[in-house]
Amino acid sequence: MNRRIAVIIPAYNEEQTIGGVIREVKGLGDGYAVIVINDRSRDNTTGNAEAEGATVLELPVNLGIGGAVQTGLKYALASGFDACVQVDGDGQHPPHEIPKLVEPLFDNGLDMVVGSRFLGSAYRVPFMRSLGIRVISVFLKITMGVSFKDTTSGFRALSRPAMEFFATCYPQDYPEPESLLLAYKKGFKVAEVAVEMNYREHGISSITPIRAAYYMTKVLLAMLIDLFRKV
């Protein structure tokens, strides 16, 4: 059975890396289509993406990672894709690892598969970010009874039912931890798989050491509110 997979790449000022990411995705085969959501970049992200044959959706204002991904989900649903994968445009998520995320959706009936840097890997992140990831992991363990190591990973695949759900209610500011909680509340089958990840070579991460404590506090408050939301 031929399956069509949308590779959703939210991008903000990624002109230096976006072309290489797209070329690697295209190397996976014709079943993968690249959809770049340009989140109001000020550089040549769009030109470089289009030069590699990607579909580019231009946002009229900067919506952040959540709004960009949700835009990609809506487009992928309307275009009839069977599943999708979220991939960063900065080169941190190696496209050759994508099949590890996609195959369990169909082989094991999963709804969300998240690529983890920390399963069987010595990948290092700054101390405050590492602390935040661990705190969120503990929160999920206490509230949902699940063990999850890489709670902030944006390298993930979604089944069509999960796409339909998140197309209508994807978290906006820091969506990765919140979407995990919502997926478990919805009753989706979620799994974490070991993947390689690269360290960022260009651009500036949206999570700086100064913002790490603020990030952790805001995410935990948002997840606490999510516990009482109807899904």
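The values are calculated or read from the model by the stated rules, or taken from the named source; none is laboratory data. This structure is a prediction, so every number in the text was calculated from the model and none was measured. Don't worry about glycine lacking a Cβ; one is built from the backbone with ideal geometry, like all the others, and counts go over all protein chains shown.
Here are the numbers:
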quantity	calculated
Options LEU105, LEU110; residue that is at pLDDT 95 or above, under 19 Å from PHE81 (Cβ atoms) and part of a loop (DSSP other than H, G, I, E, B)	LEU110
Sole residue being at pLDDT below 95 and out of contact with any Ser or Thr (no Cβ under 6 Å at 6 or more places or on another chain), chosen from ALA122, ALA49	ALA122
Selected residue [at pLDDT below 95 and within 24 Å of LEU105 (Cα to Cα)] from GLU164, GLU196	GLU196
Test: residue in region 169-190 that is surrounded by 19 or more Cβ atoms within 10 Å (Cβ to Cβ), modelled with pLDDT under 90 and under 30 Å from VAL34 (Cβ atoms)	yes
Residue ranges of helices (runs of 4 or more DSSP H) in region 118-231 with at least 3 members within 24 Å of VAL7 (Cβ to Cβ)	160-169, 175-186
Some residue of region 152-165 being hydroxyl-bearing (Ser, Thr, Tyr) and either free of Cβ contacts under 8 Å to residues at least 24 places away in the same chain or more than 30 Å from THR45 (Cβ to Cβ) (or both)	no
Members of region 57-80 that are over 17 Å from the mean Cα position of the chain (by Cα) and part of a loop (DSSP other than H, G, I, E, B)	LEU59, PRO60, VAL61, ASN62, SER79, GLY80
Qualifying residue in region 118-130 (condition: crowded, with 17+ Cβ neighbours inside 10 Å and of a type in the set (Lys, Arg))	yes
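Table: residues versus (1) under 15 Å from GLY72 (Cβ atoms); (2) free of Cβ contacts under 8 Å to residues at least 12 places away in the same chain; (3) under 16 Å from the mean Cα position of the chain (by Cα).
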position	(1), (2), (3)
GLY27	no, no, no
ILE35	yes, no, yes
ASP39	yes, no, yes
ASN44	no, no, no
ALA54	yes, no, no
